[in-house]
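Presented below is the structure to which this report refers.
The values are calculated or read from the model by the stated rules, or taken from the named source; none is laboratory data. Computed from a prediction, not measured in an experiment: that's the story for all the values here. Virtual Cβ from ideal backbone geometry, glycine too; neighbours counted across all protein chains shown. To get the accessible areas, we keep the full protein, side chains included, count just its heavy atoms, and leave off ligands, DNA and RNA. Shrake-Rupley method; radii C 1.70, N 1.55, O 1.52, S 1.80 Å.
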Protein chains: 2
Amino acid sequence: MDNATRSERSRNAALEAAIAIIARDGPGRLTLDAIARESGLSKGGVMHQFRTKEAVLKALLERQMAHFEEFSTRTMAKVSASSASPNLATQLATIREAATSPNSAALALVAAMVENPRLMALPREREMKRMAAIRAEAADPDLAMLRWAGAMGLLLSSLFGMSPLSNDEHQRLFARLLDDAQWSGLEQPATRTIKPAAKSSTPSTAKAATSGKRA
Amino acid sequence: MDNATRSERSRNAALEAAIAIIARDGPGRLTLDAIARESGLSKGGVMHQFRTKEAVLKALLERQMAHFEEFSTRTMAKVSASSASPNLATQLATIREAATSPNSAALALVAAMVENPRLMALPREREMKRMAAIRAEAADPDLAMLRWAGAMGLLLSSLFGMSPLSNDEHQRLFARLLDDAQWSGLEQPATRTIKPAAKSSTPSTAKAATSGKRA
DNA sequence: TCTATAAAACCGACCAGACGGTTTGTAAAG
DNA sequence: CTTTACAAACCGTCTGGTCGGTTTTATAGA
């Protein structure tokens, strides 16, 4: 086998193993020995590909970021024509993807933060650029940021295992966050433009239905 | 000194030290030796008060929960008369408090999750009760949950050191989340009652239903 | 009130295992 | 034959937890 691809395979196996460990045992259990065990490689092999544990975390982080970067650009291409605020739409869709993705990608973030909080600088920087784009295109920038924050809240709270919402609710809420039409009613660049709206006597309380657990 | 208060002081010192360590060095650096060093107690002393490390985490969690519980009831008493949705208002204010509080309380959550994810069951349970109350009192339950999620997103993202927002924006967004008047424009119990509004050139997209699974 | 004794709080040395990382050796690729 | 990919034993440090002993408080009888 080619040398380069041999390395590639090993690096891949190690990172895959790292994700599996984090998802299964929690970020606190991610150790080099565990990675070696899980990936089938020897510890020496792992250390040959990554000189330190921090290098593993960094690679993991960059890998996940690349994954969502790609998802992001793909989504962007789809919605850029149909949506008035394509950056927001893309970002929301990406966050939803992160929340529903089985290989809990964002757990890499948690692991990185535990080990070395300053690794968080990379994602934050990228996030700020995106946020700027969202703000720039929005008729009501604050509302756009709040929609972003809402998606983030859904993602992170479920990631922490402390989301009180069922799967259905989760999906429904994401859908509503994404639906521009639902929010155009209260855009307010600076001034108040409240519609009295219909108070609607006794609103159904929604069907509840929720018996679900975690999300 | 009285025996009971002596214990109380020691327990307190240990927990205080734990918070300081987490906030300063990150959750990964929280060790029993570190707690002993930081608190001035000996390791034996710490171990006398908490039989295991998990016991420390648990106590820490319960302590923070009690703190916000108290803040919560206090806030509830204040707003219950003035607000149409006091539970939501209280919850939002409490989350803002957690985000603003200097001794980043919620870091205890992160530490707990790293060490033992199932400790998260306690806070989640309590959160579910609160969520039920919020849903029950809301004219538009989903919107209420989205407001909650927005606050959560602001809190958690800044907690993770990955918030792209400035302090001012943070405060402003929380204020807007709290202001009922800003949201009454788009309440929609179950039926669509959308006002044509200004922009919305192209209708949503809202495809929903992706391949999602847990989160 | 003084004293003997139990009980609780506290200390610090110690332990086995896990940790991140290094070193030495070997087989395959170039 | 040199370089690269990997294996495996190994090292010093740190970790959560134990243990025997010391000091401080509580209890009780005289």
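Observations, loosely collected:
- Rounded percent of accessible protein surface that carbon and sulfur make up, the protein assembly as shown, 1.4 Å probe: 52
- Scattering from segment A:1-51 was approximated by placing one identical point on each alpha carbon and applying the Debye formula without solvent; log10 I(q)/I(0) at 0.16, 0.18, 0.19, 0.31 1/Å stands at -0.41, -0.50, -0.55, -1.17.
- Between residue A:23 and residue A:129, the modelled label-to-label distance comes to 2.8 nm, taking each label 7 Å out from Cα in the direction of the beta carbon.
- With eigenvalues of the C-alpha gyration tensor scaled by 5 and rooted, chain A, Å: 39, 21, 14
- Kirkwood Rh and Cα Rg combined as Rg over Rh, evaluated for the protein assembly as shown: 0.99
- Modelled FRET efficiency - R0 35 Å, residue A:3 with residue A:70, Cβ distances, 0.05 increments: 0.85
- Computed from the C-beta positions of residue A:42 and residue A:78 and an R0 of 45 Å, the FRET efficiency is 0.55 to the nearest 0.05.
- Rounded to whole Hz, the Karplus (6.51, -1.76, 1.60) HN-Hα couplings of segment B:112-117, x for glycine and proline: 4, 5, 4, 6, 7, x
- Estimated buried accessible area (total), pair A and B, 1.4 Å, Å² to nearest 100: 6800
- Virtual spin-label span in nm between residue A:122 and residue B:32, 7 Å along Cα→Cβ: 3.5
- Overall, chain B carries a charge dipole of about 480 debye about its Cα centre when +1 sits on the Cβ of Lys and Arg and -1 on the Cβ of Asp and Glu, all other atoms neutral.
- For segment A:1-51, the relative contact order works out to 36 percent when only alpha carbon pairs closer than 8 Å and six or more residues apart are counted.
- Each semi-axis of the equivalent ellipsoid for segment B:54-168 is √(5λ) with λ an eigenvalue of the Cα gyration tensor; in descending order they amount to 24, 17, 14 Å.
- In percent, rounded to a whole number, the relative contact order of chain B is 17, using alpha-carbon pairs under 8 Å and six or more apart.
- Karplus 3J(HN,Hα) series, Hz, for segment A:161-168 with 6.51 cos²θ - 1.76 cosθ + 1.60 (x for Gly, Pro): x, 10, 7, x, 9, 7, 4, 4
- Cα gyration tensor of segment A:36-79 - equivalent ellipsoid semi-axes, whole Å, descending: 31, 11, 6
- Rg(Cα)/(2.2 N^0.38 Å) for segment A:40-117, N = residue count: 1.40
- Local electrostatic count, residue B:105, Cβ distance below 13 Å [Lys/Arg +1, Asp/Glu -1]: -3
- Per-copy distances of the residue A:62 label point, shortest first, in nm (7 angstrom along Cα→Cβ): 4.6
- Label spacing, shortest first and in nm, from residue A:4 to its equivalents in the remaining copies (7 angstrom along Cα→Cβ): 7.4
- Mean accessible surface per residue for segment A:64-183, computed with a 1.4 Å probe while every protein chain stays in place, in Å²: 33
- Treating each Cα of segment A:89-146 as an identical point scatterer and summing with the Debye formula, the log10 of I(q)/I(0) at q = 0.24, 0.28 Å⁻¹ comes to -1.03, -1.11.
- Cα lying deepest toward the dipole's positive end in chain B, options B:80, B:7, B:148, charges on Cβ: B:148
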